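K.L.:
Before we start, here is the structure in question, set down as structure tokens.
The values are calculated or read from the model by the stated rules, or taken from the named source; none is laboratory data. This structure is a prediction, so every number in the text was calculated from the model and none was measured. Note: ideal-geometry Cβ built from the backbone for every residue, glycine included; neighbour counts use all protein chains shown. Ligands, DNA and RNA are stripped out before the accessible areas are found, and what is left, the full protein with its side chains, is counted by its heavy atoms. Shrake-Rupley method; radii C 1.70, N 1.55, O 1.52, S 1.80 Å.
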Amino acid sequence: MTIRTRFAPSPTGYLHVGGARTALFSWLYARKHGGQFVLRIEDTDLERSSIESVNAILEGMTWLGLDYDEGPFYQTQRFDRYKAVIQQLLEQGDAYYCYCSKDELEVMREQQRQNKEKPRYDGRCRHRQDIPADIQPVIRFKNPTTGQVVVKDMIRGDVSFNNSELDDLVIARPDGTPTYNLTVVVDDMDMGMTHVIRGDDHLNNSPRQINIFKALGATPPMFAHVPMILGDDGARLSKRHGAVSVMSYRDEGFLPEALLNYLIRLGWSHGDQEIFSLDEMIQLFDIEDVNRAASSFNTEKLLWLNQHYIKSSPAEHIAKHLSWHLGQLGIDPTQGPAITDVIVLLQDRAKTLKEMAENCRYFYQTISDYDEKAASKNLTSEALPILENAHTRLAALPTWTAEPIHAEIKNCASQFDVGMGKVAQPIRVAITGNTVSPSLDQTLALYGRERTLSAIIKATEWIKDRA
């Protein structure tokens, strides 16, 4: 048997991190077993679905690197197939027209509540003879009324449901459009899904879907219902916890491998190992090892992982993802040193690519203003002769590399009998606009001779103007 899994989001918003984790688990299970991973867009909710949401899902999948073998398939392109299956169920007696009005259904539910019964459809239209002329019917699946349905769940084990507790769900709306529980069964059946990995909010749908599978003479897939993700406060993860859209993590400067590494550890572990390459994820992951309990999202842990990947990844790989952030800041990386050289200089101190992009701005754009606090402390009248001496020394260097730059800064400090910081900090402010940068000699080496000398002159003139 070829393992076939799928990710089937509804395009009613962005790709949520919970959905991304489900997609990752499904993708890993297929890849581990040499199977196939399918992307399906469940867009039958015509009022809420949008092209923008579809594009957000596809963009998120691409950014994460979760490639699919088939798809994307769109349910709105399969309406004829759904109608044919609904007609089949009607003809074989496993579905029926329901003419109950909204008012009639509400009266029924209110009576059940008063009788302390679970509100559910009571099947009154199964054998209804009086057919109202003014009501467009829905179509309901005729669920078995006796026995049990066992959901074979790879995470939770066998979960049993009594058929007597399952009402006859609507499988077609009054306008004939199919509903979720019908379309998902037809799609999984037609597409040969062997394993369905999804959020545990779908667990209660599974017994109903299994009964539809059986009515159609099909074997249900194996199920795995993944526990939800909680915020740090124990509540279900939502917008108020910060970024929950996959692409918003891209926007905040996270590498995709950091997010994938973090997501796989939400509910799954392999000993005490924290860092997993994609190959290790495929080799070690098993859906049966996922915890039953909900997992809590910890942004600090994600930041730690992101910093690890920024530090340890090749500069060429970081450059590919950093370029988007540079573009957001209007930075053209051709207007300065090679971006990979800048990345090597900055990658040990950046937690996010957004931070790194900001920190490398001065390499490609001449600063227009100094940080007020940094300038008042370092660009002073006392610093003026030091900067002028440093300019003379640096201008005379035969080679512009870090080692001789460092030696001249040290010589300048010795001449004025001051600490290295008294020379380095004014130069640093002149170059970067503030007091923070990597090693100054390496920074200047990348920044370039002419730009460095010009920045120092500009700083001395700034001091003189305020004297």
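K.L.:
Does segment 276-296 hold any residues that are surrounded by 13 or more Cβ atoms within 10 Å (Cβ to Cβ) and without any contact (Cβ under 8 Å) to a residue 60 or more places away in the chain, and which are they?
P.N.:
Of everything in segment 276-296, those that are surrounded by 13 or more Cβ atoms within 10 Å (Cβ to Cβ) and without any contact (Cβ under 8 Å) to a residue 60 or more places away in the chain turn out to be PHE276, GLU280, LEU284, ASP289.
K.L.:
Continuing with the same structure: Condition first: in contact with a Pro (Cβ under 7 Å, 6 or more places away or on another chain) and surrounded by fewer than 19 Cβ atoms within 10 Å (Cβ to Cβ). Now tell me which residues in segment 384-430 satisfy that. Break it down into steps so the answer makes sense when it comes.
P.N.:
Here is the first cut: in segment 384-430, the residues in contact with a Pro (Cβ under 7 Å, 6 or more places away or on another chain) are 386-387, 397.
Passing the criteria: only LEU397.
K.L.:
Exactly one of these conditions fails for GLN347: (1) closer than 25 Å to THR435 by Cβ; (2) out of contact with any Leu (no Cβ under 8 Å at 6 or more places or on another chain); (3) open to solvent by 50 Å² or more (accessible area, probe 1.4 Å); (4) not hydrophobic (A, V, I, L, M, F, W, C). Give me its number.
P.N.:
(3)
K.L.:
Being touching a helix residue (DSSP H, G or I) at 6+ places or on another chain (Cβ under 9 Å), open to solvent by 20 Å² or more (accessible area, probe 1.4 Å) and not β-branched (Val, Ile, Thr): is that true of LYS373 here?
P.N.:
Working: touching a helix residue (DSSP H, G or I) at 6+ places or on another chain (Cβ under 9 Å): no; open to solvent by 20 Å² or more (accessible area, probe 1.4 Å): yes; not β-branched (Val, Ile, Thr): yes.
No, not satisfied.
K.L.:
Then there is this: Of LYS102, LYS116, which residue is more than 20 Å from GLN136 (Cα to Cα) and at pLDDT below 95? Before you say what the answer is, go through the steps one by one.
P.N.:
Numbers: LYS102 fails: more than 20 Å from GLN136 (Cα to Cα).
The conditions single out LYS116.
K.L.:
Tally the residues that are part of a helix (DSSP H, G or I), touching a helix residue (DSSP H, G or I) at 6+ places or on another chain (Cβ under 9 Å) and open to solvent by 30 Å² or more (accessible area, probe 1.4 Å), restricting the search to segment 444-467.
P.N.:
Within segment 444-467, the subset part of a helix (DSSP H, G or I) is 444-447, 449-465.
Applying the additional criterion that residues be touching a helix residue (DSSP H, G or I) at 6+ places or on another chain (Cβ under 9 Å) yields 444-447, 449, 451-453, 455-460, 462-464.
Keeping just the survivors that are open to solvent by 30 Å² or more (accessible area, probe 1.4 Å) gives 445-446, 449, 451, 457-458, 462, 464.
Residues meeting the conditions: 8.
K.L.:
Which one is most open to solvent (accessible area, probe 1.4 Å) among residues in segment 157-188 that are outside any helix (DSSP H, G or I) and among the hydroxyl-bearing types (Ser, Thr, Tyr)? Explain how you work it out, then say what you get.
P.N.:
Just the residues of segment 157-188 that are outside any helix (DSSP H, G or I), to begin with: 157-162, 166-179.
If we keep only those that are among the hydroxyl-bearing types (Ser, Thr, Tyr) too, we end up with 160, 177, 179.
On the way: SER160: 67, THR177: 24, THR179: 20 Å².
If we take residues in segment 157-188 being outside any helix (DSSP H, G or I) and among the hydroxyl-bearing types (Ser, Thr, Tyr), then SER160 is most open to solvent (accessible area, probe 1.4 Å).
K.L.:
What are the residues in segment 305-317 that are farther than 20 Å from PHE363 by Cβ and surrounded by 15 or more Cβ atoms within 10 Å (Cβ to Cβ), if any? Walk me through it before giving the result.
P.N.:
Within segment 305-317, the subset farther than 20 Å from PHE363 by Cβ is 305-309, 312.
Passing the criteria: LEU305, ASN306, GLN307, HIS308, TYR309.
K.L.:
While we're here: In segment 95-123, how many are in contact (Cβ under 8 Å) with a residue 24 or more places away in the chain, open to solvent by 90 Å² or more (accessible area, probe 1.4 Å) and not aromatic (Phe, Trp, Tyr)? Let's see the steps before the verdict.
P.N.:
To start, the set of residues in segment 95-123 that are in contact (Cβ under 8 Å) with a residue 24 or more places away in the chain comprises 95-101, 118, 120-123.
With the extra rule that they be open to solvent by 90 Å² or more (accessible area, probe 1.4 Å), the set shrinks to 97, 118.
Narrowing further to those that are not aromatic (Phe, Trp, Tyr): 118.
Adding up the residues that qualify gives 1.
K.L.:
Still on this structure: Based on what the data block shows, is HIS195 in contact with a strand residue (DSSP E or B) (Cβ under 8 Å, 6 or more places away or on another chain), under 23 Å from GLY18 (Cβ atoms) and free of Cβ contacts under 8 Å to residues at least 24 places away in the same chain? Steps first, please.
P.N.:
Working: in contact with a strand residue (DSSP E or B) (Cβ under 8 Å, 6 or more places away or on another chain): yes; under 23 Å from GLY18 (Cβ atoms): yes; free of Cβ contacts under 8 Å to residues at least 24 places away in the same chain: no.
Here the answer is no, as HIS195 does not meet what is asked.
K.L.:
Considering only segment 395-438, state which residues are outside any loop (DSSP other than H, G, I, E, B), within 45 Å of the chain's Cα centre (by Cα) and among the hydroxyl-bearing types (Ser, Thr, Tyr).
P.N.:
Within segment 395-438, THR432 is the sole residue that qualifies.
K.L.:
Among the residues of segment 351-382, what is the count of those that are under 21 Å from ALA459 (Cα atoms) and either in contact (Cβ under 8 Å) with a residue 60 or more places away in the chain or outside any loop (DSSP other than H, G, I, E, B) (or both)? Full working, then the answer.
P.N.:
First, pick out the residues of segment 351-382 that are under 21 Å from ALA459 (Cα atoms): 359-382.
In the following step, the residues that additionally are either in contact (Cβ under 8 Å) with a residue 60 or more places away in the chain or outside any loop (DSSP other than H, G, I, E, B) (or both) were identified as 359, 361-364, 366-367, 369-381.
Summing the residues that are under 21 Å from ALA459 (Cα atoms) and either in contact (Cβ under 8 Å) with a residue 60 or more places away in the chain or outside any loop (DSSP other than H, G, I, E, B) (or both) in segment 351-382 gives 20.
Listed here are the residues, each with its yes/no results for (1) under 26 Å from ALA172 (Cα atoms); (2) crowded, with 22+ Cβ neighbours inside 10 Å.
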| site | (1), (2) |
| --- | --- |
| PHE7 | yes, yes |
| TYR14 | no, no |
| LEU28 | no, yes |
| LEU39 | yes, yes |
| GLU42 | yes, no |
| ASN55 | no, no |
| ASP67 | no, no |
| PHE73 | yes, no |
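K.L.:
Another question, if that's okay. Count, please, the residues in segment 42-90 that happen to be closer than 28 Å to ILE3 by Cα and of a type in the set (Ser, Thr, Tyr).
P.N.:
Here the count works out to 6.
K.L.:
Taking interchain pairs and intrachain pairs at least six residues apart, which have beta carbon atoms under 8 angstrom, with the first residue in segment 383-401 and over 11 Å from ILE427 (Cβ atoms) and the second part of a loop (DSSP other than H, G, I, E, B) and open to solvent by less than 50 Å² (accessible area, probe 1.4 Å)?
P.N.:
TRP400/GLY448
K.L.:
Would you say THR340 is surrounded by fewer than 15 Cβ atoms within 10 Å (Cβ to Cβ), β-branched (Val, Ile, Thr) and assigned to a helix (DSSP H, G or I)?
P.N.:
So THR340 does not fit the description; no.
K.L.:
Among (1) out of contact with any Gly (no Cβ under 6 Å at 6 or more places or on another chain); (2) in a loop (DSSP other than H, G, I, E, B); (3) open to solvent by 70 Å² or more (accessible area, probe 1.4 Å), there is one condition LYS320 misses while meeting the rest; what is its number?
P.N.:
Status for LYS320: all satisfied but (2).
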